[in-house]
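The values are calculated or read from the model by the stated rules, or taken from the named source; none is laboratory data. Keep in mind it's a predicted model, so treat the numbers as computed, not measured. Cβ placement follows ideal geometry from the backbone for every residue including glycine, while neighbour counts extend to all protein chains displayed.
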Amino acid sequence: MAQEKPYDFVPFPSGVDRKSPEGHARFVHLTGTLEATLAAHRPVQVASGFLDVVTVQGQEVVVAQGTRRGRVPILPGSSLKGAVRSLVEALSPSCVRVVGGRSRKALPAPLAPCSDADRLCPACRLFGISGPGRENYGGQVSVEDAVMVSGQPVLVRTPLLWAPARSLRGLPERYMAGDRAVGRKFYFHGMPARGTDARIAAGSGSAFETRIHFENLTEGELGLLLAALGQHPRYPFLLKVGAGKPVGMGSLEVRLRGVRLMGEIRSSGRAGARSPYLTGEPLAAAVQEWVRAAGENGLLDGEALEDVHRILRRENLARSSPEGPY
């Protein structure tokens, strides 16, 4: 009997909602910063290039290359941004921004990547686009590197992993429904599988702190971002970040510590005066209101949210992962 695949698909939306972004020239909507702790429920590997494995008295030890003081492990903001963007795309009427050449023919035509900075889908408005001609927009969300505040790097061994299946004809049959791709692929959380491939990762129980900055987001857009961070009150979930996703790695919980909203820009031109800082019950109430607005404004697809929750919910940490090469 074939082993169950460690992933499932979230169906594509029926169309893409493209409109002009608010831009960066003036602040008319919500601008501020999300402060969050990222808790690793499973080892997380995002290669940084300054860690190595050496053998000391017969034992393999993880060390930092070089001797400069103050070097601490991080999760790059670009990696976190990519993981969150993929969820925003899945949860909203957004385009499919990254798709291989041979796979493009399997993509429903309305979901083609945005190519005009004046007509952008929700994901491209939030995270930006880059390309020739009109295909450039800086986006309205930026993510700082997440710095480890507790825990330490560890050596983990996983089964060997191969690149996702491809063929000269494009996507494999299990990714298809007729001549069209089924949807966006997400890996389940699961128990770590053991193997022979050595990886340096942040150990389970590690914690990182980061900040996510946003500019000119409507209440609905901020609600969509929060839902993609697993903060929806009814449908919470953990993120999957970094390498080893099929074999039980990369499970991160976003714990929102607070939200600072920029105050009004006064005649002096200064921003941020008397900025409200939301925590506790006021923050929980605001998050509920923002995700409600996302649903009411058509930015958050309820069925897609249920599918993402089913795949990425915390309970799936107890699932088994594939053993042997995958």
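In table form, for the structure just shown:
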item	result
Identity of the residue in the stretch 131-153, surrounded by fewer than 16 Cβ atoms within 10 Å (Cβ to Cβ) and β-branched (Val, Ile, Thr), that ends up nearest to Phe12 (Cα to Cα)	Val147
Neighbours by Cβ (under 6 Å, 6+ apart or cross-chain): first from the stretch 288-308, farther than 14 Å from Phe237 by Cα; second at pLDDT 95 or above and surrounded by fewer than 16 Cβ atoms within 10 Å (Cβ to Cβ)	Gln288/Pro233
Filter result (touching a Lys or Arg at 6+ places or on another chain (Cβ under 8 Å), under 23 Å from Gly220 (Cα atoms) and not acidic (Asp, Glu)) within the stretch 98-117	Pro113, Cys114, Ala117
Candidates Gly298, Gly258, filtered to the one that is part of a loop (DSSP other than H, G, I, E, B) and at pLDDT 95 or above	Gly298
Number of the exception - Leu126 against (1) over 17 Å from Glu221 (Cβ atoms); (2) among the aliphatic types (A, V, I, L, M); (3) not in a loop (DSSP other than H, G, I, E, B)	(1)
Condition check for Leu226: part of a helix (DSSP H, G or I), modelled with pLDDT of 95 or more and within 19 Å of Arg314 (Cα to Cα)	yes
Scan of the stretch 9-28 for residues that are outside any loop (DSSP other than H, G, I, E, B) and either surrounded by 15 or more Cβ atoms within 10 Å (Cβ to Cβ) or in contact with a helix residue (DSSP H, G or I) (Cβ under 7 Å, 6 or more places away or on another chain) (or both), ordered by number	Phe9, Val10, Pro11
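Conditions tested, residue by residue: (1) touching a Lys or Arg at 6+ places or on another chain (Cβ under 8 Å); (2) over 22 Å from Leu126 (Cβ atoms); (3) among the hydroxyl-bearing types (Ser, Thr, Tyr); (4) exposed (fewer than 14 other Cβ atoms within 10 Å of the Cβ).
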position	(1), (2), (3), (4)
Arg292	no, no, no, no
Gly298	no, no, no, yes
Val308	no, no, no, no
Arg313	no, yes, no, no
Tyr326	no, yes, yes, no
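Results for (1) of a type in the set (A, V, I, L, M); (2) buried (at least 18 other Cβ atoms within 10 Å of the Cβ); (3) modelled with pLDDT of 95 or more, shown as yes or no for each residue.
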| residue | (1), (2), (3) |
| --- | --- |
| Leu75 | yes, yes, no |
| Ser78 | no, no, no |
| Val84 | yes, yes, yes |
| Pro93 | no, yes, yes |
| Val99 | yes, no, no |
| Pro108 | no, no, no |
| Leu111 | yes, yes, no |
| Asp118 | no, no, no |
| Ile129 | yes, yes, no |
